[in-house]
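Only one structure is covered here, and it is reproduced in the block below.
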Amino acid sequence: MTTIFIVLLSISQYACAPLIVAGAAATITTTVIDRRTPGTVVEDQTIELKISDLFAKDEGLKETARVRATSYNNIVLLTGEAPNENLRDRAASLARKVAKVSRVHNEITIGDVKSFGRGSNDTWITTKVKTAITREKGINPVHIKVVTEKGTVFLMGIVKRDEGNRAAQRASKIKGVKRVVKIFEYLD
C-alpha cells in the first residue's frame with residue numbers, strides 16, 4: 001500500500017511539472033513582451049496592494065464604499081462607488097500618498113455600492129473586449145490593460161496612437177459598452 005502511494009505521488013508530481021514549466025514560461029514571455037520594465041510590473045502590483053491596504057484601513061471607505069485601484073506604469077485608475085464626494089476625494093488622496101504613483105485618475109462614482117449582477121456583467125464585458133483586442137491584427141494584448149466599471153471600459157497601457165485608437169474602436173463596438181476611456185501613454 002505504501003509503495004502504491006509513493007508511486008502515485010511521484011506520478012502526480014511529474015504530471016504537474018509541465019504545468020509549472022508552462023506557467024513560468026508564460027510569465028517570462030509576458031514580461032519580455034510587456035513594454036514596461038520587469039521592475040515597473042512589480043511596482044504596479046505593489047502599488048495596487050498598498051492602495052488596497054490603505055483603503056481597508058480607512059473606516060469610511062471600508063464600511064461604505066467599494067473602490068478598486070488598478071496601476072499600469074505607475075499610473076493609478078480608481079474605480080468603484082463611494083456614497084459621497086468626501087470619500088471619493090479621500091480615496092484619491094490616499095492613492096497619491098503611495099510611493100512611485102505618478103498620476104491618479106479618479107473615476108469613482110457617487111452612489112450606492114453596486115450589486116453582484118452588475119459586477120459579473122462588467123467582468124463579461126472585459127472578457128469580450130480583451131478577446132476583441134486579441135483578434136485585432138497588429139495589436140499585442142499584453143500592451144493593454146482593460147478595466148470595466150458600470151459598462152464604462154477603461155483602457156490603460158503603453159501603445160502607439162494607432163494601436164490605442166483601434167483598441168478603443170473595437171471596445172466601443174462590444175455589446176454592453178456605454179463608454180470607452182483611454183488612459184494611454186503613447187510611444188509616438
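Just so you know, all these numbers are worked out from the coordinates, no wet-lab data involved. Small disclaimer: the values here were computed from a predicted structure and weren't measured. Neighbour counts are summed over all protein chains in view; Cβ atoms, including those assigned to glycine, are modelled from backbone coordinates with ideal geometry.
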Seminar exercise, completed: Between the modelled labels at Thr127 and Ile33 (7 Å from Cα along Cα→Cβ) the distance in nm is 2.0
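With the cut-off at 32 Å, tell me which of the pairs Lys57/Lys175; Lys97/Lys137; Lys137/Lys175; Lys100/Lys175; Lys57/Lys182 have Cα atoms farther apart than that.
Long pairs (Cα-Cα over 32 Å): Lys57/Lys175; Lys97/Lys137; Lys100/Lys175.
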Exercise. So between Asn84 and Gln45, what do we pick up on full extension, going 0.36 nm a residue minus the alpha carbon distance?
Worked result: 11.3 nm
Exercise. How far, in nm, would the chain grow between Ser52 and Asp188 when pulled straight, counting 0.36 nm per residue and subtracting the alpha carbon separation?
Worked result: 45.7 nm
Exercise. Using +1 on the beta carbon of Lys and Arg, -1 on that of Asp and Glu, and nothing else charged, what's the dipole of region 38-110 about the Cα centre, debye to 20?
Worked result: 160
For this session: Place the peptides 154-161, 93-100 in order of packing, highest mean first, counting for every residue the other Cβ atoms within 10 Å and averaging per peptide.
Result: 154-161, 93-100
Exercise. Does a label point 7 Å from the Cα of Ile110, set along Cα-to-beta-carbon, have any residues of region 85-100 with amide nitrogen under 17 Å, and which are they?
Worked result: 85-93
Exercise. Among 143-150, 82-89, what's the highest-first ranking by average C-beta atoms within 10 angstrom per residue?
Worked result: 143-150, 82-89
Seminar exercise, completed: Between Glu136 and Arg96, the two model label points (7 Å from Cα along the beta-carbon direction) sit apart by a distance in nm of 3.2
